[in-house]
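Below is one structure, written out as structure tokens; comments come after it.
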Amino acid sequence: MADSVMGVFGGTFDPIHFGHLRTAHELLKALSLSEVRFLPCGLPPHRARPVASAPERLAMVGVALEGQQGFVLDDRELERDGPSYSVDTLESLKQDFPDTALCLIVGMDAFLGLPRWHRWQRIVELAHIVVAHRPGWRVPYRGPLGEILRERRSRQPQELRGVDAGRIYVHPVTQLEISSTEIRDLIRSGNDPRFLLPEKVRERISQSGCYSRSH
Ligand code: ATP
């Protein structure tokens, strides 16, 4: 049995916003995680190229996490070439933290794509999956995901401590209907994204102009 349980939160974070941060905070507390590690991805395998550059996204996550206890920035996905596959990230974290159980944190929208993820069966050997409820998404009961959930779903967070990997836990988080896409669209159309993301991130965006430029 692992000594501690760590949250692993990957994303494009283009930009990071309060939907990400509040979710991580609520899971940190509810699951008594030792920490939540934020891993901005380099090249996301399942979606379009991010708008802001990798160093810009890393810097935005950095300022958002500054002084926040229990939140850790991890740049390992940006150090690797090629697409950022979660399975490679988890293998690498497992090597660094062999005595820690890993909980891969995903929103429900991301979880619905799990059967298409690169080597997803290996992912559930390396980590638990913690699914955060997002507005407008429902827990699947049918298809391959319904089956995975029937086999692996834990109803109590304590069950994530008994084994090191392989459980799926769905946790409702405060529904903040914020997305990076919405923030980028607001900025591109000349509106202020104030109160949707940390002030320091907003300031960085207005200094760098990373979402105002036409791409
Ligand atoms: P985009 O609008 O560009 O698709 P996003 O806002 O969904 O971006 P990502 O960086 O792609 O942000 O998301 C990283 C992870 O955070 C994903 O697992 C996603 O489901 C989750 N997430 C994003 N926004 C929220 C939110 N408002 N509440 C809960 N989880 C969220």
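The values are calculated or read from the model by the stated rules, or taken from the named source; none is laboratory data. None of these values were measured; they are calculated from a predicted model. So basically every Cβ, Gly included, is an ideal-geometry build from the backbone, and we count neighbours across all protein chains shown. Surface accessibility is based on the protein's heavy atoms, side chains included, excluding ligands, DNA and RNA. Shrake-Rupley method; radii C 1.70, N 1.55, O 1.52, S 1.80 Å.
Screening the stretch 26-66 for residues that are without any contact (Cβ under 8 Å) to a residue 40 or more places away in the chain and within 12 Å of the ligand (Cβ to nearest atom) and picking the one that is nearest to L160 (Cα to Cα) gives F38. Could you check the stretch 184-193 and list, in sequence order, the residues that are assigned to a helix (DSSP H, G or I) and either free of Cβ contacts under 8 Å to residues at least 40 places away in the same chain or exposed (fewer than 15 other Cβ atoms within 10 Å of the Cβ) (or both)? Across the stretch 184-193, the qualifying residues are D185, L186, I187, R188. Taken over the stretch 107-138, the criterion of being open to solvent by less than 20 Å² (accessible area, probe 1.4 Å), touching a helix residue (DSSP H, G or I) at 6+ places or on another chain (Cβ under 8 Å) and hydrophobic (A, V, I, L, M, F, W, C) is satisfied by F111, L114, I123, V124, L126, A127, I129, V130, V131, A132. Given the options G70, G7, name the one that is in contact with a Lys or Arg (Cβ under 8 Å, 6 or more places away or on another chain), farther than 21 Å from I205 by Cα and either away from the ligand (no atom under 14 Å from the Cβ) or modelled with pLDDT of 95 or more (or both). Answer to the check: G7. May I ask you to verify whether T181 is assigned to a loop (DSSP other than H, G, I, E, B) and hydroxyl-bearing (S, T, Y)? No; evaluated as a whole, the condition is false for this residue.
Mind listing whichever residues of the stretch 26-45 are in a loop (DSSP other than H, G, I, E, B) and in contact with a Phe, Trp or Tyr (Cβ under 7 Å, 6 or more places away or on another chain)? Scanning the stretch 26-45 gives a single hit, P45.
Of the residues making up the stretch 119-151, those that are in a loop (DSSP other than H, G, I, E, B), within 19 Å of the chain's Cα centre (by Cα) and within 16 Å of the ligand (Cβ to nearest atom) are A127, H133, R134, P135, G136, W137, R138, V139.
One residue is enough: does the stretch 169-182 have a residue meeting the conditions closer than 18 Å to L27 by Cβ, open to solvent by less than 70 Å² (accessible area, probe 1.4 Å), at pLDDT 95 or above and under 20 Å from the mean Cα position of the chain (by Cα)? Yes: one or more hits.
Residues that are assigned to a helix (DSSP H, G or I) and away from the ligand (no atom under 14 Å from the Cβ) do occur in the stretch 162-171, at least one of them. Among the residues that make up the stretch 12-25, is at least one of them open to solvent by 40 Å² or more (accessible area, probe 1.4 Å) and not in a helix (DSSP H, G or I)? No, there is no match, as no residue in the stretch 12-25 is open to solvent by 40 Å² or more (accessible area, probe 1.4 Å) and not in a helix (DSSP H, G or I).
The residues of the stretch 94-118 that are more than 13 Å from the ligand (Cβ to nearest atom) and within 13 Å of A165 (Cα to Cα), listed by number, are K94, P98, D99, T100, A101, L102.
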